[in-house]
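Novice: The structure is given below, and queries will be raised subsequently.
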Amino acid sequence: MGFDAPRKSGACSGFAFWRGEAGFPPLADPLQAEILSNPPRRRPKLPPQLITAEADFPQAGSACGKSGLVLKLTQWYHGANMLNITKIEVGAFDTNCYVAWTKALDALIIDPGADAEAISKIISHCRLTVRAYLITHGHMDHISALAPLWAQIKAPVAMHGSDAKWAFGQANQMPPYFSVPHRPENIDRILKGGEKWKEEDFNYEVIDTPGHSPGSVCFYFPDENILFSGDTLFQDSVGRTDLPGGDMRQLTNSLQILAALPPQTKVYPGHGPETTIACEIDSNPFLKIR
Ligand SMILES: [Zn+2]
Ligand SMILES: [Zn+2]
């Protein structure tokens with residue numbers, strides 16, 4: 001698969017890959033291509049009750065000195081437990097890796113896609129105890145730092161069985177940006193969707209959302225009303241369905257499941273900015289497909 005190098009200049013340059021924009025393979029799904037050719041109308045503002053704060057992590061920023069990149073970190077706080085969500089944009093496709101942590105400093109790492117060193121600096125800088133790795137789907141840009149992190153910081157790995165089958169195989173690479181991801185020694189929690197986990201102060205559910213990949217899932221935290229949507233749902237868009245195992249009809253069904261969540265649910269996607277279910281119902285063209 002030949003295409004030009006992604007440019008890191010724009011905030012959403014890696015996002016362009018998932019939208020099939022210039023320099024990347026065009027979208028092979030005609031419906032997706034048509035919808036994305038008509039940009040959505042102006043978006044409503046996010047509801048004001050959500051607190052947003054820029055983080056100050058000098059150590060984490062300097063952790064990326066090797067590649068000359070300073071990672072962008074942003075933090076939010078949610079709910080009575082002040083669940084802290086730190087977003088780190090990692091790798092050639094600007095994948096959003098999230099570290100969610102509680103007042104008691106228990107942490108979950110969602111989609112460690114690249115830059116293991118930077119992620120581990122955040123964990124040590126904040127003195128966090130990692131309780132699990134949550135994988136929204138198997139694409140290499142979401143799992144490439146999993147094995148190197150797991151080698152340093154042991155915690156259960158949760159991943160859908162349909163993606164665990166191929167995620168560490170030869171097909172899941174995109175040279176020169178990503179080689180085949182290493183498999184951690186154990187994948188302790190093979191997901192099917194529907195699982196509910198309560199561990200430490202975390203309470204979350206696995207929602208089965210195939211379409212972008214066969215084993216795509218979203219992680220929903222009902223107490224805080226937040227959703228990690230992976231590449232199933234982006235602000236105003238969705239993950240491409242023309243990669244192996246993708247299915248636009250399945251994705252459309254999955255989006256309808258997400259649309260039934262409380263409207264104020266804050267959505268943290270796998271690429272691009274955060275949003276809410278209400279905003280997406282209002283302006284995401286893919287949620288209007290029936
Ligand atoms: Zn993906
Ligand atoms: Zn992705």
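The values are calculated or read from the model by the stated rules, or taken from the named source; none is laboratory data. Owing to the predicted nature of the structure, the values given are computational and were not obtained by experimental measurement. Cβ placement follows ideal geometry from the backbone for every residue including glycine, while neighbour counts extend to all protein chains displayed.
Novice: When residues of the stretch 97-110 are filtered for being surrounded by 24 or more Cβ atoms within 10 Å (Cβ to Cβ) and out of contact with any Phe, Trp or Tyr (no Cβ under 7 Å at 6 or more places or on another chain), how many remain?
Specialist: So the answer is 3.
Novice: Could I ask something else about it? Determine if the stretch 141-156 includes at least one residue that is assigned to a loop (DSSP other than H, G, I, E, B), in contact with an Asp or Glu (Cβ under 8 Å, 6 or more places away or on another chain), at pLDDT below 95 and surrounded by fewer than 23 Cβ atoms within 10 Å (Cβ to Cβ).
Specialist: no
Novice: With hydrophobic (A, V, I, L, M, F, W, C), in a helix (DSSP H, G or I), without any contact (Cβ under 8 Å) to a residue 24 or more places away in the chain and more than 15 Å from ligand 1 (Cβ to nearest atom) as the only criterion, which of ILE281, ILE257 stands out?
Specialist: Result: ILE281 is the single residue among ILE281, ILE257 that is hydrophobic (A, V, I, L, M, F, W, C), in a helix (DSSP H, G or I), without any contact (Cβ under 8 Å) to a residue 24 or more places away in the chain and more than 15 Å from ligand 1 (Cβ to nearest atom).
Novice: Here is a further query. Checking the structure you have, find out if any residue of the stretch 184-201 is in a loop (DSSP other than H, G, I, E, B), in contact (Cβ under 8 Å) with a residue 24 or more places away in the chain and among the basic types (Lys, Arg).
Specialist: Within the stretch 184-201 (the criterion being in a loop (DSSP other than H, G, I, E, B), in contact (Cβ under 8 Å) with a residue 24 or more places away in the chain and among the basic types (Lys, Arg)), the answer is yes, since at least one residue qualifies.
Novice: Considering only residues of the stretch 213-238 that are among the β-branched types (Val, Ile, Thr) and within 16 Å of ligand 1 (Cβ to nearest atom), which is surrounded by the most Cβ atoms within 10 Å (Cβ to Cβ)?
Specialist: Ranking the qualifying residues of the stretch 213-238, first place goes to VAL217.
Novice: All but one of (1) under 16 Å from VAL206 (Cα atoms); (2) under 17 Å from the mean Cα position of the chain (by Cα); (3) of a type outside the set (A, V, I, L, M) hold for ASP236; state the number of the condition that does not hold.
Specialist: Status for ASP236: all satisfied but (1).
Novice: Consider the stretch 121-140. How many of its residues are free of Cβ contacts under 8 Å to residues at least 40 places away in the same chain and in a helix (DSSP H, G or I)?
Specialist: 2
Novice: Name the residues in the stretch 97-122 that are at pLDDT below 85 and over 30 Å from PRO176 (Cα atoms), would you?
Specialist: Selection gives LYS103 alone.
Novice: Do we have any residue at all in the stretch 89-96 that's of a type in the set (Gly, Ala, Ser), modelled with pLDDT under 90 and either within 16 Å of the chain's Cα centre (by Cα) or within 15 Å of ligand 1 (Cβ to nearest atom) (or both)?
Specialist: Yes, the stretch 89-96 contains at least one residue that is of a type in the set (Gly, Ala, Ser), modelled with pLDDT under 90 and either within 16 Å of the chain's Cα centre (by Cα) or within 15 Å of ligand 1 (Cβ to nearest atom) (or both).
Novice: Quick test of your reading of the structure: GLN264 fulfils all but one of (1) assigned to a loop (DSSP other than H, G, I, E, B); (2) in contact with a strand residue (DSSP E or B) (Cβ under 9 Å, 6 or more places away or on another chain); (3) at pLDDT 95 or above. Name the failing condition by number.
Specialist: That leaves (3) as the condition not met.
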